[in-house]
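Input: a single structure, listed below in C-alpha coordinates.
The values are calculated or read from the model by the stated rules, or taken from the named source; none is laboratory data. Just so it is clear, the model here is predicted, and its values are computed rather than measured. All Cβ positions, glycine included, derive from the backbone under ideal geometry; neighbour counts span all protein chains shown.
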Amino acid sequence: MTWKKVEKNILETTNFLKNNIELSPYTQNDPIKCNNCLFRMISILIVSGKINTTKINYEQNKIWNFKKYKHGPEKNSTKPHGAIWHNNMMNMIKNYFEHHCLNVYSEPNLHYGQADLYVKEISTYIEVGSINLYKLYLNFSFMSECKILIVPSDFYSVEFKM
(Lines give C-alpha, C1' and ligand atoms only; values in the text may rest on other atoms or scores of the structure.)
Protein backbone atom coordinates (compact mmCIF):
# COMPACT_ATOMS: atom_id res chain seq x y z
CA MET A 1 0.00 0.00 0.00
CA THR A 2 1.28 3.47 -0.81
CA TRP A 3 1.81 6.11 1.87
CA LYS A 4 -1.00 8.18 0.33
CA LYS A 5 -3.43 5.25 0.50
CA VAL A 6 -2.47 4.45 4.10
CA GLU A 7 -3.01 8.08 5.15
CA LYS A 8 -6.39 8.10 3.35
CA ASN A 9 -7.43 4.93 5.24
CA ILE A 10 -6.30 6.42 8.55
CA LEU A 11 -8.29 9.61 7.87
CA GLU A 12 -11.43 7.66 6.89
CA THR A 13 -11.13 5.47 9.99
CA THR A 14 -10.59 8.52 12.21
CA ASN A 15 -13.72 10.15 10.77
CA PHE A 16 -15.68 6.94 11.32
CA LEU A 17 -14.60 6.83 14.98
CA LYS A 18 -15.35 10.53 15.54
CA ASN A 19 -18.84 10.08 14.07
CA ASN A 20 -19.72 6.89 15.94
CA ILE A 21 -18.18 7.08 19.42
CA GLU A 22 -19.47 9.39 22.12
CA LEU A 23 -16.56 10.69 24.17
CA SER A 24 -16.64 10.92 27.93
CA PRO A 25 -16.27 14.46 29.25
CA TYR A 26 -13.96 13.19 32.01
CA THR A 27 -10.33 13.39 30.89
CA GLN A 28 -8.62 15.22 33.76
CA ASN A 29 -6.37 12.26 34.67
CA ASP A 30 -5.42 11.32 31.11
CA PRO A 31 -1.73 11.87 30.30
CA ILE A 32 -2.62 12.29 26.60
CA LYS A 33 -5.17 15.08 26.25
CA CYS A 34 -5.09 15.32 22.45
CA ASN A 35 -8.25 13.58 21.13
CA ASN A 36 -7.05 13.94 17.53
CA CYS A 37 -3.81 12.16 18.49
CA LEU A 38 -5.71 9.35 20.26
CA PHE A 39 -8.14 8.96 17.35
CA ARG A 40 -5.17 8.70 14.98
CA MET A 41 -3.38 6.11 17.15
CA ILE A 42 -6.55 3.99 17.38
CA SER A 43 -7.05 4.38 13.62
CA ILE A 44 -3.51 3.14 13.00
CA LEU A 45 -4.28 0.02 15.07
CA ILE A 46 -7.39 -0.56 12.94
CA VAL A 47 -5.76 0.16 9.57
CA SER A 48 -2.79 -2.07 10.46
CA GLY A 49 -5.19 -4.98 11.07
CA LYS A 50 -4.62 -5.35 14.83
CA ILE A 51 -8.29 -4.48 15.39
CA ASN A 52 -11.36 -5.14 13.22
CA THR A 53 -14.27 -2.73 13.51
CA THR A 54 -17.93 -3.24 12.65
CA LYS A 55 -20.85 -0.85 13.06
CA ILE A 56 -24.08 -2.69 13.89
CA ASN A 57 -27.20 -0.70 13.01
CA TYR A 58 -30.63 -1.62 14.36
CA GLU A 59 -34.03 -0.16 15.09
CA GLN A 60 -34.47 1.39 18.51
CA ASN A 61 -32.96 -1.26 20.82
CA LYS A 62 -34.55 -4.04 18.77
CA ILE A 63 -31.35 -6.06 18.98
CA TRP A 64 -31.40 -6.08 22.81
CA ASN A 65 -35.12 -6.11 23.45
CA PHE A 66 -37.18 -9.26 23.81
CA LYS A 67 -40.63 -9.86 25.28
CA LYS A 68 -39.43 -11.08 28.69
CA TYR A 69 -37.46 -7.89 29.38
CA LYS A 70 -38.85 -5.78 32.20
CA HIS A 71 -38.45 -2.12 31.33
CA GLY A 72 -37.06 0.26 33.91
CA PRO A 73 -34.57 -0.22 36.72
CA GLU A 74 -34.58 -3.49 38.60
CA LYS A 75 -36.56 -3.35 41.84
CA ASN A 76 -33.79 -5.00 43.89
CA SER A 77 -31.14 -2.64 42.56
CA THR A 78 -29.59 -0.66 45.39
CA LYS A 79 -27.98 2.06 43.29
CA PRO A 80 -28.38 2.57 39.54
CA HIS A 81 -25.14 2.64 37.56
CA GLY A 82 -24.95 6.07 35.91
CA ALA A 83 -27.84 7.98 34.42
CA ILE A 84 -31.28 6.42 33.90
CA TRP A 85 -30.70 5.72 30.18
CA HIS A 86 -27.29 4.18 30.92
CA ASN A 87 -28.64 2.01 33.73
CA ASN A 88 -31.68 0.86 31.72
CA MET A 89 -29.51 0.05 28.70
CA MET A 90 -27.10 -1.96 30.87
CA ASN A 91 -30.02 -3.92 32.34
CA MET A 92 -31.47 -4.54 28.88
CA ILE A 93 -28.14 -5.80 27.49
CA LYS A 94 -27.48 -7.92 30.60
CA ASN A 95 -30.96 -9.47 30.37
CA TYR A 96 -30.46 -10.16 26.66
CA PHE A 97 -27.29 -12.19 27.24
CA GLU A 98 -28.65 -13.92 30.35
CA HIS A 99 -31.77 -14.89 28.36
CA HIS A 100 -29.35 -16.62 25.95
CA CYS A 101 -27.80 -18.51 28.93
CA LEU A 102 -24.55 -16.51 29.01
CA ASN A 103 -22.81 -15.26 32.16
CA VAL A 104 -22.69 -11.46 32.45
CA TYR A 105 -20.50 -9.64 34.97
CA SER A 106 -20.85 -6.00 35.98
CA GLU A 107 -17.88 -3.62 36.05
CA PRO A 108 -15.11 -6.08 35.08
CA ASN A 109 -11.51 -4.97 35.07
CA LEU A 110 -9.84 -4.20 31.77
CA HIS A 111 -6.12 -3.68 31.26
CA TYR A 112 -6.84 -0.04 32.15
CA GLY A 113 -10.02 0.82 34.02
CA GLN A 114 -13.29 -1.08 34.01
CA ALA A 115 -15.97 -1.86 31.45
CA ASP A 116 -19.68 -1.70 32.18
CA LEU A 117 -20.33 -5.39 31.45
CA TYR A 118 -18.45 -8.54 30.45
CA VAL A 119 -19.84 -11.65 28.75
CA LYS A 120 -17.37 -14.40 29.57
CA GLU A 121 -18.40 -17.08 27.06
CA ILE A 122 -17.88 -14.76 24.09
CA SER A 123 -15.03 -12.78 25.68
CA THR A 124 -16.82 -9.46 25.12
CA TYR A 125 -16.49 -6.29 27.18
CA ILE A 126 -19.38 -3.86 26.81
CA GLU A 127 -19.28 -0.09 27.26
CA VAL A 128 -22.61 1.73 27.37
CA GLY A 129 -22.85 5.40 26.43
CA SER A 130 -19.74 7.56 26.35
CA ILE A 131 -16.20 6.26 26.65
CA ASN A 132 -12.85 7.68 27.65
CA LEU A 133 -10.68 7.76 24.52
CA TYR A 134 -7.37 7.31 26.38
CA LYS A 135 -8.77 4.27 28.21
CA LEU A 136 -9.96 2.83 24.89
CA TYR A 137 -6.56 3.35 23.26
CA LEU A 138 -4.66 1.70 26.13
CA ASN A 139 -6.98 -1.29 26.20
CA PHE A 140 -6.70 -1.72 22.42
CA SER A 141 -2.91 -1.55 22.73
CA PHE A 142 -2.55 -4.15 25.48
CA MET A 143 -5.51 -6.52 25.20
CA SER A 144 -5.95 -9.35 22.69
CA GLU A 145 -8.34 -12.13 21.72
CA CYS A 146 -11.43 -10.33 22.96
CA LYS A 147 -14.05 -7.85 21.80
CA ILE A 148 -15.07 -4.45 23.05
CA LEU A 149 -18.64 -3.51 22.16
CA ILE A 150 -19.52 0.15 22.52
CA VAL A 151 -23.23 0.96 22.71
CA PRO A 152 -23.44 4.77 22.40
CA SER A 153 -27.10 4.97 21.34
CA ASP A 154 -30.41 3.15 20.97
CA PHE A 155 -29.79 2.68 17.24
CA TYR A 156 -26.30 1.22 16.78
CA SER A 157 -23.27 -0.36 18.40
CA VAL A 158 -19.62 -0.43 17.37
CA GLU A 159 -17.77 -3.72 17.80
CA PHE A 160 -13.99 -3.92 18.02
CA LYS A 161 -12.37 -7.36 17.66
CA MET A 162 -8.80 -7.76 18.83
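Some observations on this one:
- Every residue from the range 119-134 that is touching a Leu at 6+ places or on another chain (Cβ under 9 Å) and without any contact (Cβ under 8 Å) to a residue 60 or more places away in the chain: Val119, Lys120, Glu121, Ile122, Thr124, Tyr125, Ile126, Glu127, Val128
- Which numbered condition Leu11 fails, given (1) at pLDDT below 95; (2) in a helix (DSSP H, G or I); (3) aliphatic (A, V, I, L, M): (1)
- Flag for Asn91 being of a type in the set (S, T, N, Q), at pLDDT below 95, under 26 Å from Asn29 (Cβ atoms) and in a helix (DSSP H, G or I): no
- Residues of the range 18-28 that turn out to be in contact (Cβ under 8 Å) with a residue 60 or more places away in the chain and assigned to a helix (DSSP H, G or I), as a count: 1
- Close pairs from the range 42-60: first under 16 Å from Leu11 (Cα atoms), partner assigned to a strand (DSSP E or B) and of a type in the set (Ser, Thr, Tyr), Cβ under 6 Å, at least 6 apart: Ile46/Thr53
- If you go through the range 94-105 and pick out every residue that is exposed (fewer than 15 other Cβ atoms within 10 Å of the Cβ) and either at pLDDT below 95 or in a loop (DSSP other than H, G, I, E, B) (or both), you end up with 6.
- Options Tyr137, Tyr118, Tyr125: the member that is part of a strand (DSSP E or B), over 10 Å from the mean Cα position of the chain (by Cα) and not β-branched (Val, Ile, Thr): Tyr118
- Test for Ile32: is it of a type in the set (A, V, I, L, M) and more than 13 Å from Tyr137 (Cα to Cα): no
- Odd one out for Asn87 among (1) in contact (Cβ under 8 Å) with a residue 12 or more places away in the chain; (2) polar (S, T, N, Q); (3) out of contact with any Pro (no Cβ under 7 Å at 6 or more places or on another chain): (3)
- In the set (1) under 18 Å from Ile148 (Cα atoms); (2) modelled with pLDDT of 90 or more, Lys4 fails one condition alone, (1).
- Any chance Pro31 is within 19 Å of the chain's Cα centre (by Cα) and not in a helix (DSSP H, G or I): no
- Flag if Tyr137 is touching a residue at least 40 places away in the same chain (Cβ under 8 Å) and of a type in the set (Phe, Trp, Tyr): yes
- Every condition in (1) exposed (fewer than 13 other Cβ atoms within 10 Å of the Cβ); (2) assigned to a helix (DSSP H, G or I); (3) in contact with a Phe, Trp or Tyr (Cβ under 9 Å, 6 or more places away or on another chain) holds for Thr54 except the one numbered (2).
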